[in-house]
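The values are calculated or read from the model by the stated rules, or taken from the named source; none is laboratory data. Quick caveat: nothing in here was measured; it's all calculated off a predicted structure. Reconstructed Cβ throughout: ideal geometry from the backbone, glycine too, with neighbour counts over all protein chains shown. These area figures cover heavy atoms from the full protein model, side chains too; ligands, DNA and RNA do not enter into them. Shrake-Rupley method; radii C 1.70, N 1.55, O 1.52, S 1.80 Å.
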Amino acid sequence: MTHAIPAARTDRLPLRTPLPAHHPEPVLDVVVPVFNEETDLEPSVRRLHAHLRATFPYPFRITVADNASTDDTPRIAARLAAELPETEWIRLAEKGRGRALRAAWSSSSAPVLAYVDVDLSTELTALLPLVAPLISGHSDIAIGTRLARGSTVVRGPKREIISRCYNVLLRSTLAVGFSDAQCGFKAVRRDVAERLLPLVKDTGWFFDTELLVIAERAGLRIHEVPVDWVDDPDSRVDILSTVLADLRGIARVGRALARGTLPMAGLRRSGAGAPPGGLAAQMARFAAVGALSTVGYLLLYTALRPAADPQAANALALLICAFANTAANRRLTFGMRGRGAIRHHAKGLAVFAVGLALTSGSLAVLRHAAPHVARPFELMVLVAANLAATLLRFLLFRSWVFPARSRADQAGDTTS
């Protein structure tokens with residue numbers, strides 16, 4: 001039974017739910033993409049099969065995805081599928097790891113889809129921790145990472161430098177939050193794959209990176225698992241051509257993100273966006289943050305006033321509190337974290353300018369009307385002006401700084 005991946009959809013994903021404890025069909029489909037792997041294929045598949053039989057508590061399937069091998073790989077894959085009851089194989093006429101994964105995942109009915117490299121460089125003890133968050137409904141995608149604390153990696157300095165430089169490049173150009181894009185050890189929920197795969201254009205090694213970048217930008221939750229990884233000294237990956245293809249892929253995806261041409265609406269979860277409790281709870285949290293900010297502002301203003309004139313003391317106290325207020329509201333009131341902080345603080349400064357205009361204008365009017373007004377009355381006017389600025393700040397934060405669409409984009413924060 002096959003299930004074709006549909007075109008990109010605009011309706012939202014349903015809320016994540018755990019899979020039932022008793023599932024008659026395979027819960028997990030582990031794809032092993034191969035090209036001319038007649039030496040490693042059989043021992044690796046038998047090892048993977050034995051590991052899943054011994055440790056995986058649900059029904060499973062192993063799918064060997066042969067993408068245009070010219071050696072004995074197809075014959076070996078067919079024999080393994082005939083001998084091992086949970087094993088299948090598919091044959092593609094064209095090369096490309098991404099193409100093989102797309103074909104295998106799109107034809108699978110399993111609710112959790114994964115893949116491992118045929119050399120099994122990643123220790124298989126990480127497989128159950130990889131897919132458990134997807135089975136439980138906690139996460140949308142899970143990746144093995146060789147670059148997180150707790151990972152154990154054995155490889156040469158050349159590959160180590162290339163891997164780290166690649167991930168630094170991703171962080172600096174596409175502002176990604178995940179730590180390791182190219183570890184051949186990943187899993188995704190099928191409902192997510194149905195929406196993601198139509199948006200991923202690459203058919204080669206950049207497939208993983210493109211899938212993860214789009215998923216993260218759409219606000220899907222990515223779970224990372226530190227892995228034990230040993231480099232395969234017989235790897236036949238052409239590093240130069242792969243690097244050039246990756247650079248072209250980064251440029252293409254970067255342009256698409258900058259132009260807003262990726263239709264990501266179908267990747268957002270139902271109910272994502274507004275923090276729990278709706279508008280009333282949002283206003284309550286904003287008021288609490290605002291009250292603390294006002295106290296901090298008055299203390300700062302009082303401390304600065306002896307050494308500065310009213311306008312300078314007011315501006316400096318407001319500026320300091322504006323950064324703290326934006327950060328607190330970003331996290332506590334609007335439930336956002338991770339990427340976008342610089343943009344949010346820049347907009348927060350614009351909102352600060354509006355508040356500064358209100359309070360400075362109030363002070364200017366007061367000083368003009370009553371040049372020798374007492375300090376307590378000056379503070380009362382500032383409190384009234386700050387209350388008005390606070391109401392305006394909430395409206396601007398909710399509609400402009402942290403709009404509903406932006407909150408939806410970051411729903412289900414990336415785990416890194």
* To do: Assuming R0 = 41 Å, can you tell me the calculated FRET efficiency for the pair Ala78 and Ser172, based on Cβ-Cβ distance, to the nearest 0.05?
  => 0.35
* Structure fact -> So for R0 = 45 Å, FRET eff. of Lys95-Phe323 from the Cβ-Cβ r, to 0.05, ends up at 0.30
* Using a 1.4 Å probe and ignoring any ligands, DNA or RNA, find the accessible area of Thr359 and quote it in Å² to the nearest 10. => 0
* Structure fact -> With label points set 7 Å from each Cα along the Cα-to-Cβ direction at Ala357 and Arg252, the distance between them in nm comes to 4.5
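Figure the gain on full extension for Thr70 and Arg46 (residue separation times 0.36 nm, minus the Cα-Cα span) and round it to one decimal in nm. Before the final figure, lay out each step's value.
On the way: separation 24, 0.36 × 24 = 8.64 nm, distance 2.19 nm.
Full extension from Thr70 to Arg46 adds 6.5 nm.
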* Can you check what the net charge comes to around Ala187, using other residues whose Cβ is under 11 Å from the Cβ of Ala187 (Lys, Arg +1; Asp, Glu -1)? => +1
* Asked: For the chain, with every protein chain kept in place, what is the accessible area per residue (1.4 Å probe, Å²)?
  -> 45
* Structure fact -> On the accessible surface of the range 19-85, probed at 1.4 Å with all protein chains in place, carbon and sulfur together account for a percent value of 55
* To do: Indicate the gyration tensor shape class of the chain (rounded, prolate or oblate), computed on the Cα atoms with a ≥ b ≥ c the square roots of the eigenvalues: a/c under 1.5 is rounded; otherwise a/b larger than b/c is prolate and the rest oblate.
  => prolate
* Can you give the angle from 0 to 90° between the axis of helix 341-369 and the longest principal axis of the chain, with both taken from C-alpha atoms, to the nearest 10? -> 10
* Within 10 Å, count the other beta carbons around each residue, average over each peptide in 298-307, 200-209, 393-402, and list them highest first. => 200-209, 393-402, 298-307
* Rounded to 10°, Cα long-axis angle of helix 97-106 versus longest principal axis of the chain -> 90
* Asked: How do His372, His138 stack up against each other in accessible area, from largest to smallest, with a 1.4 angstrom probe?
  -> His372, His138
* **Peptides 92-102, 212-222 ordered by average Cβ neighbours within 10 Å, highest first** => 212-222, 92-102
* What nm distance separates the two modelled labels at Ala21 and Thr261, each placed 7 Å from Cα along Cα→Cβ? -> 5.0
* Structure fact -> So the carbon and sulfur contribution to the accessible area of the range 128-196, 1.4 Å probe, in percent, is 63
* To do: Determine ³J(HN,Hα), in whole Hz, for all residues of the range 14-29 in sequence, where each value follows from phi through the Karplus function 6.51 cos²θ - 1.76 cosθ + 1.60 and θ = phi - 60°; x replaces Gly and Pro.
  => x, 4, 5, 10, x, 6, x, 5, 10, 10, x, 8, x, 7, 10, 10
* To do: Could you work out how far helix 73-83 tilts from the main Cα principal axis of the chain, as a 0 to 90 degree angle to the nearest 10?
  => 80
* Using heavy-atom solvent-accessible surface (probe 1.4 Å) with all chains present, what is the largest-first order of Met264, Met336, Met283, Met380? -> Met380, Met283, Met264, Met336
* **Distant-in-sequence amide H partners of His23 (H built 1.01 Å from N, under 5 Å)** => none
